[in-house]
Every structure is written in structure tokens, then in C-alpha cells.
1. Considering (1) surrounded by fewer than 16 Cβ atoms within 10 Å (Cβ to Cβ); (2) at pLDDT 75 or above; (3) in a helix (DSSP H, G or I), say which one L229 fails and leave the rest.
2. So, in region 129-163, how many residues would count as being closer than 20 Å to L74 by Cβ, touching a residue at least 24 places away in the same chain (Cβ under 8 Å) and in a helix (DSSP H, G or I)?
3. Looking for something at pLDDT below 80, aliphatic (A, V, I, L, M), more than 26 Å from D159 (Cα to Cα) and assigned to a helix (DSSP H, G or I) - is there at least one such residue anywhere in region 183-202?
4. I'd like to check which helices (runs of 4 or more DSSP H) are fully inside region 57-128 and have at least 3 residues that are within 21 Å of P225 (Cβ to Cβ).
5. Any idea which residue in region 44-56 is nearest to Y128 (Cα to Cα), counting only those that are free of Cβ contacts under 8 Å to residues at least 60 places away in the same chain and in a helix (DSSP H, G or I)?
6. Looking at region 236-246, can you tell me whether even one residue there is in contact with a Phe, Trp or Tyr (Cβ under 6 Å, 6 or more places away or on another chain), polar (S, T, N, Q) and either buried (at least 16 other Cβ atoms within 10 Å of the Cβ) or at positive phi (or both)?
7. Among the residues of region 169-191, how many are crowded, with 19+ Cβ neighbours inside 10 Å and more than 18 Å from F231 (Cβ to Cβ)?
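The values are calculated or read from the model by the stated rules, or taken from the named source; none is laboratory data. All values derive from a computational prediction rather than experimental measurement. Here the Cβ is made from the backbone with ideal geometry for all residues, glycine too, and neighbour counts use every protein chain on show.
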Amino acid sequence: MLRMSFMEHLEELRSRMLKALAGLVVAFFVSMFFTKDLWRIVSEPAVSALTHLGINPPELVAITPMEQFNIIWLYMPILVSVFLGSPWIVYQVWAFISPGLYKREKRWAVPFILCTAGLFIVGGVFAYFIAFRYGLEFLLGIGRDVNVRPMVSISEYFDLFVNVTVGVGLVFELPVIIFFLTLLRIASPRFLVRHSRYAILGIVVLAAVVTPTPDVINMMIFAIPMVMLFFVGVFASYLLVLRREGKGFPWKLGLLFVAALLLVGGGVLAYLGHKYGFHVVPQWPFFAK
């Protein structure tokens with residue numbers, strides 16, 4: 001392990017923060033070249049929701065003269081640069097903490113970077129394609145039966161978009177957090193499983209906070225993947241404990257179990273398709289009549 005003074009730690013922290021910021025700046029200017037295309041992607045859930053609700057034309061509105069410039073040319077590229085630059089940012093975090101790790105622990109660098117940045121991006125994608133779309137259409141549909149026509153400003157829409165996508169992206173880091181709690185010997189798989197009911201309760205409460213709508217269905221769309229991620233984190237911590245104890249995991253048996261689950265799931269989907277006419281559709285819930 002390397003020994004560094006307090007001032008050397010501060011200098012290293014400053015250097016890593018500047019490098020992370022430089023990466024964000026590069027990603028920001030790259031995204032500036034695709035601003036119009038990116039805005040079409042960001043605004044597509046709103047256009048789709050308004051179209052399904054029969055609102056014509058299905059467009060967002062600008063209330064103040066500066067809204068278009070601030071959102072489309074400033075705030076949106078910043079958001080895109082955060083997702084694009086997340087692997088670089090995570091690498092800088094790892095580079096800052098790695099001098100204090102043993103050589104065997106430094107081998108976790110690539111998995112740490114890929115899993116942390118990957119889960120953040122996957123969380124944003126999940127929010128964009130599933131959770132945000134369903135919640136947005138639910139919200140815009142409220143009041144239509146009492147003569148209320150939705151007219152959404154781009155500022156309000158983008159604020160909600162950022163809160164949901166970034167919030168879900170951060171929540172998807174749960175397996176990484178659990179793994180590092182086990183790595184630091186703060187938690188163990190046995191402890192996590194024993195207290196899993198409290199974790200599930202906390203996840204449901206967190207899903208209720210993150211969910212943009214008050215309905216139970218949309219909350220469960222958030223909560224179920226979060227519970228699954230919790231147990232993925234528990235499984236990863238179990239593998240870590242097995243490695244510490246010099247034991248191996250029965251991967252062949254585990255893969256057979258996963259294959260059996262996939263086979264059963266595929267059989268259920270095939271039965272629903274044959275018996276009741278369900279088929280794959282390009283939008284949520286992706287499997288409907």
C-alpha cells in the first residue's frame with residue numbers, strides 16, 4: 001500500500017476532480033453536435049404520451065423566450081454528458097482510491113468501472129423506456145374527463161425527465177454498494193438475507209419517493225427491479241465471501257437453474273401468445289393483445 005500525506009491526498013483529489021470535469025466538458029461539446037437529434041429522443045416520450053391521449057398537435061410548449069436555449073442547448077447536453085462520461089468519472093474515482101488498496105484488490109478495477117457505469121446507464125435506459133413513459137402518460141391523462149387539456153412546458157418536462165432518469169440510474173447502483181459494503185466487511189450475505197424484509201420495505205418506500213405518479217402499479221414498476229438488484233448484490237457479495245474462504249460456486253448448477261427459469265418463462269409467454277393472442281409490441285408493456 002502507498003503511504004501519502006494529507007496534502008498529497010488533497011492534491012490527488014484535486015487532480016482527479018479536474019480530470020473528471022475535463023471528461024464531462026469533452027462529452028458536453030460532443031453532444032452539442034447532435035443537439036437536435038438528442039432533443040427529439042428526450043422529447044419522444046412526451047410526444048408519444050400526448051399522441052396516445054389524442055392531443056393534437058403533440059408538442060411541448062415554451063413559456064419564456066429563454067426556455068428553448070436553456071433546455072435544448074445547455075441543460076440537455078449536460079445531462080447527456082453525465083451519462084456519456086460516467087465510465088470516465090468512475091475511473092477517476094477508482095484511480096483516487098486505488099493507491100490505498102492491496103494489489104489483489106486492484107484487480108477489481110475493470111469490473112468496478114464496468115458495473116458501476118453500466119448499471120447507471122442501464123438505470124437511465126430503464127427509466128426512459130419503461131418507468132418514465134408509463135408515469136408521464138398517467139399524469140398527463142389526469143383531468144381529461146373534467147375538461148383539462150394538458151399543455152406541458154419544456155422546463156417542467158425536462159425537470160421531471162432529469163429527476164426520474166438520474167434518480168433511477170443512481171438507484172441501480174445498489175448491487176455495487178452492497179458489494180463494497182461486503183468488501184469492507186461492513187455487511188455480509190447472511191446479514192443481508194436475514195434482514196431482507198427491512199431492505200424490501202425500504203426499497204418500496206424509496207420507489208414511492210422516486211415514482212413520478214402516486215399509483216401502485218407504477219410504484220411496483222420501480223420497486224420490483226430494485227428488489228431484484230438487491231438480491232443481485234447479495235449474490236455478488238456471496239461470491240466475494242466464497243472467494244475469501246477459498247471456495248468455489250457451482251456455476252454449472254446455477255446456469256442450469258437459470259436456463260430452467262428462462263425455459264419456463266418462455267413457455268408461459270408462448271402459451272399466452274397461442275391461447276390468448278398476446279404478442280410482442282414496441283412499447284410498454286412490450287407484451288399485449
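1. Failing condition for L229: (1).
2. Qualifying residue count for the region: 8.
3. yes
4. Where helices (runs of 4 or more DSSP H) fall fully within region 57-128 and carry at least 3 residues being within 21 Å of P225 (Cβ to Cβ), they are 109-126.
5. Once the filter is applied, the top-ranked residue is E44.
6. Scanning region 236-246 turns up at least one residue that is in contact with a Phe, Trp or Tyr (Cβ under 6 Å, 6 or more places away or on another chain), polar (S, T, N, Q) and either buried (at least 16 other Cβ atoms within 10 Å of the Cβ) or at positive phi (or both).
7. The qualifying residues number 1.
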